[in-house]
Amino acid sequence: MRDYGAALASADTVSVADSSDVVSARQMVRTLAQRSGMSLVHQTKLVTAASELGRNMLVYGGGGVVRAATITEAERCGVYVEFEDRGPGIADIELALTDGWTSGSGMGLGLSGAKRLVDEFDISSGPDGTTVRILKWGR
Amino acid sequence: MTDRVPVLKIGEILLVSIQVDLEDQMVMDLQDDLSNRIVATGAKGVIIDISALEIVDSFVGRMLATNAAISRVLGAETIVVGMRPAVAMTLVELGLSLQGVRTALNLERGLKLLRRISAGRA
Amino acid sequence: MTTDSKLPLLVETLTAQRDAFLSQWTRTVGEDLQGRLSLAELGRELGELYESILRALTGGDLDSHGENFAETRSLLIELSRNRARQGFTPTETARSVFSLKEVLEPTLTSDEKGAQQYLQFARLLDDLGLLTTEAYVRTREEIISAQAEQLLELSTPVVKLWDGVVGVPLVGTLDSARTQVVMEKLLQTLVDSDSTHAIIDITGVPTVDTQVAQHLLKTVVAARMMGAQCTISGIRPQIAQTIVALGIEFGDIPTNASLSDALRQALKEVAEDATEEIRGLL
């Protein structure tokens with residue numbers, strides 16, 4: 001996945017500390033998706049992915065920050081979202097991305113499902129936290 | 001203190017119409033409320049209307065499946081009605097197929113389906 | 001003619017022999033296009049072009065991208081767009097400009113000064129010729145993307161077959177973009193028309209590979225989650241063989257060989273639903 005960090009200069013930010021913040025985070029993502037002219041189905045997929053990742057961040061990472069921005073390229077427009085927590089990290093990312101694998105109370109579809117719902121997906125994890133970056137192009 | 005989703009009783013049916021963006025706590029409260037109400041009222045059917053829901057993620061999806069299973073144990077059939085097309089397509093992509101959950105296009109069809117089930121024909 | 005042109009001789013010649021040059025140019029281009037465009041129309045087009053080039057040259061600057069040539073450029077873009085729409089090739093379009101060189105060559109290259117100016121002018125015409133090709137390609141791309149869009153719209157009509165039954169006759173190759181559109185449209189129609197049965201007919205789909213089967217499966221599952229039944233019909237014998245040979249898991253997708261069978265089945269179920277008006281509960 002390319003580095004879209006530059007776009008975050010004008011990013012909207014929501015810090016996630018409890019489950020009501022997850023709702024605010026996905027509302028922020030929805031607003032951006034609507035602004036970028038994304039079709040309803042694409043919007044729904046992106047917001048659902050954001051909801052999964054936001055909850056993951058809260059449950060396994062103890063909360064963190066969600067940043068989102070619209071990306072404009074030559075002929076397309078998209079939304080980039082970054083989820084950053086300071087949790088213990090994910091020991092085996094490969095495993096965590098497997099369908100049905102869960103360390104908690106979920107259905108084990110959070111990471112793998114979110115990955116399927118977006119066009120670009122990137123995860124990096126270490127002992128001092130996890131960062132997930134996603135991008136969805138509107139069409 | 002978060003809001004709760006109201007559970008309405010109409011005859012032998014409990015109607016849950018979700019009108020707000022769900023927080024996880026509300027989802028868990030709803031699960032408790034619903035099983036309590038089924039036992040208290042002896043309801044034979046539950047209809048969960050999600051036509052106002054713009055997204056259903058795996059957490060809400062799991063709640064729908066769990067509710068259906070719990071109510072079945074308590075002798076009530078659950079019908080989920082009004083799922084939006086975009087939501088259905090997203091759930092498929094997500095890998096969630098709501099196995100074991102009966103669905104109907106809208107509230108009216110949901111009620112009809114419940115009647116047929118209680119008549120033992122579906 | 002008073003002029004601050006850098007090519008006074010050229011301007012003079014072009015002005016003096018306008019009629020001769022223009023008619024020869026028109027003839028040359030006309031031969032190229034083999035009568036697919038009337039000479040009168042061609043003459044008018046090239047006449048305007050000739051005038052605008054002459055005016056630009058009189059202005060002095062020889063930069064084809066400069067202010068002077070703005071009018072010439074817009075005339076050329078217009079010409080290229082028309083040629084692209086009328087189905088001429090890029091070569092034929094560019095030759096409309098380049099052939100002016102052939103017309104001028106004998107007259108101008110008879111002495112050294114003329115030859116020098118001719119070369120400078122030729123370079124300018126090369127630039128303008130390239131401009132026509134660019135405009136031509138752009139127009140073609142516009143046409144192609146417009147057609148792709150129309151095709152997407154055309155090829156996915158969702159029709160109501162009966163009360164409570166809608167159908168989509170799929171024609172052509174299925175890719176993800178198209179399936180997305182089909183799925184969306186079909187599911188929305190189910191909601192809007194309160195239909196409980198959908199039939200996807202794939203008689204017109206040439207091949208079914210793993211990916212297409214995946215897409216169909218997703219549509220069926222999505223419809224089911226909304227509370228509707230979705231059937232695939234029109235599975236031709238070859239396709240049935242391919243599906244089995246590829247080991248594609250069609251799972252529990254209800255399938256029918258023909259649309260009429262699928263419709264009969266759907267109607268039966270719709271009728272059962274309708275007659276079961278059982279009193280009770282409410």
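The values are calculated or read from the model by the stated rules, or taken from the named source; none is laboratory data. Everything numeric in this text was worked out from a predicted model, so none of it was measured. Every residue, glycine among them, receives a Cβ derived from its backbone with ideal geometry; neighbour counts consider all protein chains shown.
Would you point out which residue out of C:I235, C:I243, C:I239 is at pLDDT below 90, away from chain B (no Cβ under 14 Å), more than 33 Å from the chain's Cα centre (by Cα) and more than 23 Å from B:V80 (Cα to Cα)?
C:I243
Tell me which residues, restricted to the stretch B:73-86, are in contact with a Ser or Thr (Cβ under 8 Å, 6 or more places away or on another chain) and either facing another protein chain (nearest Cβ under 7 Å) or crowded, with 22+ Cβ neighbours inside 10 Å (or both).
Let us first name the residues in the stretch B:73-86 that are in contact with a Ser or Thr (Cβ under 8 Å, 6 or more places away or on another chain), namely B:74, B:77-84, B:86.
Those that are in contact with a Ser or Thr (Cβ under 8 Å, 6 or more places away or on another chain) and either facing another protein chain (nearest Cβ under 7 Å) or crowded, with 22+ Cβ neighbours inside 10 Å (or both): B:T78, B:I79, B:V80, B:V81, B:G82, B:M83, B:R84, B:A86.
May I ask you to list the residues in the stretch C:135-161 that are surrounded by 15 or more Cβ atoms within 10 Å (Cβ to Cβ) and over 19 Å from B:M89 (Cβ atoms)?
C:A135, C:Y136, C:T139, C:R140, C:S155, C:L161
So C:L76 fits all but one of (1) closer than 20 Å to C:T139 by Cβ; (2) outside any helix (DSSP H, G or I); what number is the exception?
(2)
Counting only residues that are in a helix (DSSP H, G or I), among the charged types (D, E, K, R), farther than 24 Å from C:Q180 by Cα and within 9 Å of chain B (Cβ to nearest Cβ), how many does the stretch A:1-56 have?
Residues that pass the stated criteria total 1.
Counting just the residues of the stretch B:51-67 that are touching a helix residue (DSSP H, G or I) at 6+ places or on another chain (Cβ under 8 Å) and outside any loop (DSSP other than H, G, I, E, B), which one comes out surrounded by the fewest Cβ atoms within 10 Å (Cβ to Cβ)?
B:T66
Name every residue in the stretch B:33-45 that is within 13 Å of the chain's Cα centre (by Cα) and surrounded by fewer than 21 Cβ atoms within 10 Å (Cβ to Cβ), in order of residue number.
Quick first cut of the stretch B:33-45, residues within 13 Å of the chain's Cα centre (by Cα) only: B:33-35, B:38, B:45.
Matches in the stretch B:33-45: B:D33, B:S35.
Of all residues in the stretch C:190-216, which are without any contact (Cβ under 8 Å) to a residue 40 or more places away in the chain and at the interface with chain B (Cβ under 9 Å from one of its Cβ atoms)?
C:L190, C:V191, C:D194, C:S195
What single numbered condition from (1) in contact with a strand residue (DSSP E or B) (Cβ under 8 Å, 6 or more places away or on another chain); (2) among the charged types (D, E, K, R); (3) within 14 Å of chain C (Cβ to nearest Cβ); (4) closer than 30 Å to A:L58 by Cα fails to hold for B:D33?
Among (1) in contact with a strand residue (DSSP E or B) (Cβ under 8 Å, 6 or more places away or on another chain); (2) among the charged types (D, E, K, R); (3) within 14 Å of chain C (Cβ to nearest Cβ); (4) closer than 30 Å to A:L58 by Cα, the lone unmet condition for B:D33 is (3).
Quick test for you: out of B:I48, B:I70, pick the one residue that is touching a strand residue (DSSP E or B) at 6+ places or on another chain (Cβ under 7 Å), modelled with pLDDT of 90 or more and surrounded by 16 or more Cβ atoms within 10 Å (Cβ to Cβ). Show your work before the answer.
Values: B:I70 fails: touching a strand residue (DSSP E or B) at 6+ places or on another chain (Cβ under 7 Å).
Just one listed residue meets the conditions, B:I48.
Out of curiosity, is B:M89 more than 8 Å from chain C (Cβ to nearest Cβ), crowded, with 16+ Cβ neighbours inside 10 Å and within 30 Å of C:Q180 (Cα to Cα)?
So B:M89 does not fit the description; no.
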